[in-house]
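A quick write-up on the structure given underneath.
The values are calculated or read from the model by the stated rules, or taken from the named source; none is laboratory data. In this text the structure is predicted, and so the values were computed from the model without any measurement. Cβ atoms come from the backbone with ideal geometry, glycine included; neighbour counts cover every protein chain shown.
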Amino acid sequence: MNLNGTFVTNHNKESDIRLLDLIMCLSDAMDFIDPAVVSHHKQVAFIAHSIGVEMGLSYTRQKELVLAGSLHDIGSFSLKDRMDTLAFEIRNPHLHAEQGYGLLSLFEPIRGIARIVRFHHVPWDRGHGAWFGRQQVPVASHILHLADRVAVLINRRHEVLSQAPSICAKIRKNAGALFMPKVVDAFMGLAAKECFWLDSVSHSFQSLFSDKLKNASIRLDSEDMIDISELFSMVIDFKSPFTATHSSGVARSAEMLSAFLGFTRDESRLMRIAGHLHDLGKLAVPVEILHKPSKLKEKEFNVIRHHTFYTFRILETIPSFHIISKWAAFHHERLDGSGYPFHIKAKDLPLGSQIMAVADVYTAVSEDRPYRKGMPRDNAVRVLDSMVRDSALNSEIVSVLKSNYDEIEENRRHAQSSARTAYKDAVHKIGEI
């Protein structure tokens, strides 16, 4: 589609989509939650990768360190959890690591890094840390542990080279107890180079990774893309039981609406992916606000309104996501230009974005949530028609939805039922862990 609806296929070649780029998107989304943690995941990934290179690890192992570092705190769902991980000594450090393992192990493309994340807070303990219970701890986990602790010791508000001696002293002091000695040795080799410290506080991590790992990147086909977008969807919705399957419902509804409106099969699949990603920016919204049972204050509601902006800015970093970023992020724009965050009017609003807006509203009012049942058809249609009259939604798309309501409803329910089962399985698995 062009900006108004005509898809340009060569802008979305499957061969242009790399797993590394998508993981960096998810990493960015998690780190937008507070200025104190901005780029923390990428910083840890850079330090871990640098240690891996210093230790002579293979490209494959280097790649795993980058991916694991970029997602190592994926199991921390609240702002408090994230802030707690920034302390050098963490209370109950394994909980978020186990939760991250539970999520990452569900998806084949990144299952290999799940174990690295799971054990990234295991202390070396004079060699006892080679095992955790009956599980052997990967060396990569010990690398990630040290990299994470170095990152939290760096104060990015101050000049970094002046901090290097005290950071090295603390790491050296904890060699053998907290950290694996050969990993400490590799770190000390790195720490002698000013370029390492300067790169560790740069804002160019992604370009550094792309250059260093260009021979070890994983390119994704359309099935992989759907799988990884479903992971994103689960991570987004996992933050709140109130919307635990919302993204899956939006994705399926948007996919079906686009097909009824004449999109090709490939374009409709891209709509499905965009649907899974449409609330990506909600990872930057503290769970304390998402879960607030009482009415939101104006400031809190404004924080909620950030999410579409973050979705767009995060996804636009992938050139081949040029149109997907618009389809996903513009779902709170309105035809009369009074929506947010860009105030785009109908003539400049992509058809895919208008479809996403309808799918989002339809799913939100129709799905069951813990505090209320979903609206029956007549009530849902009244809401949609009201928003058409208010120049919020496209009347043609709403008409297509009404004409095919039963089929879309059945598929939406099935998609959300499957997502709910996966969600419960993940919760159960994490609980067992």
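Data overview
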| read-out | value |
| --- | --- |
| Restricting the range 149-176 to residues that are under 23 Å from HIS94 (Cα atoms) and either of a type in the set (Val, Ile, Thr) or in contact with an Asp or Glu (Cβ under 7 Å, 6 or more places away or on another chain) (or both), the residue that is surrounded by the fewest Cβ atoms within 10 Å (Cβ to Cβ) | VAL152 |
| PRO350, sole failed condition from (1) over 21 Å from LEU261 (Cα atoms); (2) at pLDDT 95 or above; (3) not charged (D, E, K, R) | (1) |
| Filtered residues of the range 104-134 (kept if farther than 20 Å from GLY176 by Cα and not small (Gly, Ala, Ser)) | LEU104, LEU106, PHE107, GLU108, PRO109, ILE110, ARG111, ILE113, ARG115, VAL117, ARG118, ARG134 |
| First in the range 57-76 and touching a residue at least 40 places away in the same chain (Cβ under 8 Å) and among the basic types (Lys, Arg), second anywhere and surrounded by fewer than 24 Cβ atoms within 10 Å (Cβ to Cβ) and in a loop (DSSP other than H, G, I, E, B), Cβ under 6 Å, 6 or more apart | LYS63/LEU213; LYS63/ALA216 |
| Count of residues meeting criterion [surrounded by 23 or more Cβ atoms within 10 Å (Cβ to Cβ) and either among the polar types (S, T, N, Q) or in contact (Cβ under 8 Å) with a residue 60 or more places away in the chain (or both)] in the range 119-148 | 7 |
| The listed residue being over 17 Å from the mean Cα position of the chain (by Cα) and either of a type in the set (Lys, Arg) or assigned by TED's automatic domain parsing to the domain that holds SER366 (or both), out of LEU277, LEU296 | LEU296 |
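Every residue, every condition in (1) touching a Gly at 6+ places or on another chain (Cβ under 9 Å); (2) under 21 Å from ALA392 (Cα atoms); (3) part of a loop (DSSP other than H, G, I, E, B), yes or no:
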residue	(1), (2), (3)
SER268	no, no, no
SER294	no, no, yes
ILE314	yes, no, no
ALA328	yes, yes, no
